[in-house]
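Bear in mind that the values in this text are calculations on the coordinates, not laboratory data. On a predicted model such as this, the values are computed, not experimentally measured, just so you know. Ideal geometry is used to build each Cβ from the backbone, glycine not excepted, and the neighbour counts take in all protein chains shown.
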Amino acid sequence: MRKEGYSETTIEQYVRLLKELSKYGDLQDPESIKVALSPMSWTEATKEMACGACGIYARQHRFAFIAPRYRRVEKLPFIPMESEIDQLIVSMGLKTSTFLSILKDTGTRPLEIWNLKWTDVDYPSSTVTITPLKHSKPRRLKLSSSTIAQLNQLTRPNVNVFGYGGLRTYQHFPRNFELHAIVQQRS
């Protein structure tokens, strides 16, 4: 997949899906996979993605895989109220809070913020230069004064603002926490 230009996050996601599917069926047997996939409680989008992963796996291992028809259902996203977003941000530690503040101010992809370098932050103009992902365009976006203040409080041991390592905890924990916090607040 790397040779074909797939992103690392897509590769990781496909590997996870294949590992999960292998618990319920034989990856070498397309019919076994279809039988395993059918009753799963995954969304149509996840099943569609799993079929894409199986197709690549089958191509690599030189056998045919005709994917079942799964079509993702387009839904309007849940958009929390600004006060709920602010509650989430305030309840986190400095690093996560800063990460989420930049996401709120810019609306960029989490991985674009994760890859942010200190040289991308322009303090005098309160802007940040975003290096694009997934064929988007580079852009310079405005940050709030409170976000700039948070950035000033972070230590700078690395070239990257948020350090090195995986983005996984930043992608999943805040979203899960947000839903938990909102459910608690509304009940």
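Annotations
- Low-density loop cleavage sites - trypsin sites (Lys or Arg not before Pro) in segment 1-53, where at most 13 other Cβ are within 10 Å (DSSP): ARG2, LYS3, LYS23
- For the chain, the longest principal axis of the C-alpha atoms and the axis of helix 44-60 are separated by about 60°.
- Scanning the chain for chymotrypsin sites (Phe, Trp or Tyr not before Pro) in DSSP loops with at most 10 neighbouring Cβ atoms within 10 Å leaves 79-163 as the longest stretch between them.
- Reported label for calculated Cα Rg over 2.2 N^0.38 Å given [x] 1.26; [y] 1.36; [z] 1.08: [x]
- Under 19 Å from LYS137, Cα to Cα: aspartates and glutamates that are on another chain or at least 8 residues apart: ASP105, GLU112, ASP120, ASP122
- Where GluC sites (Glu not before Pro) fall in DSSP loop in segment 23-129, at most 14 other Cβ within 10 Å: GLU74
- Here is the list for segment 63-172: trypsin sites (Lys or Arg not before Pro) lying in DSSP coil, each with at most 10 other C-beta atoms within 10 angstrom of its C-beta, are ARG69, ARG71, LYS75, LYS134.
- The lysines within cross-link reach of LYS95, meaning a Cα-to-Cα straight distance under 22 Å and a gap of 8 or more places when in the same chain, are LYS104, LYS117, LYS142.
- Orientation-averaged projected area, Cα convex hull of segment 8-60 (nm²): 3.4 nm²
- Reachable lysines, given that their alpha-carbon falls under 25 Å from the alpha-carbon of LYS47 and they are not under 8 places away in the same chain: LYS3, LYS19, LYS23, LYS34, LYS75, LYS134
- Taking Cα atoms only, the orientation of helix 168-186 departs from the longest principal axis of the chain by about 80 degrees.
- Around VAL161: net Lys/Arg minus Asp/Glu count, Cβ-Cβ under 11 Å: +2
- Helical runs (DSSP H, four residues minimum) scored at -39500 (n - 2.57) apiece and divided by the length of the chain put the mean residue ellipticity at 222 nm at -15500 deg cm²/dmol.
- Rounded tilt (10° steps) of 8-22 against the dominant C-alpha axis of the chain: 40 degrees
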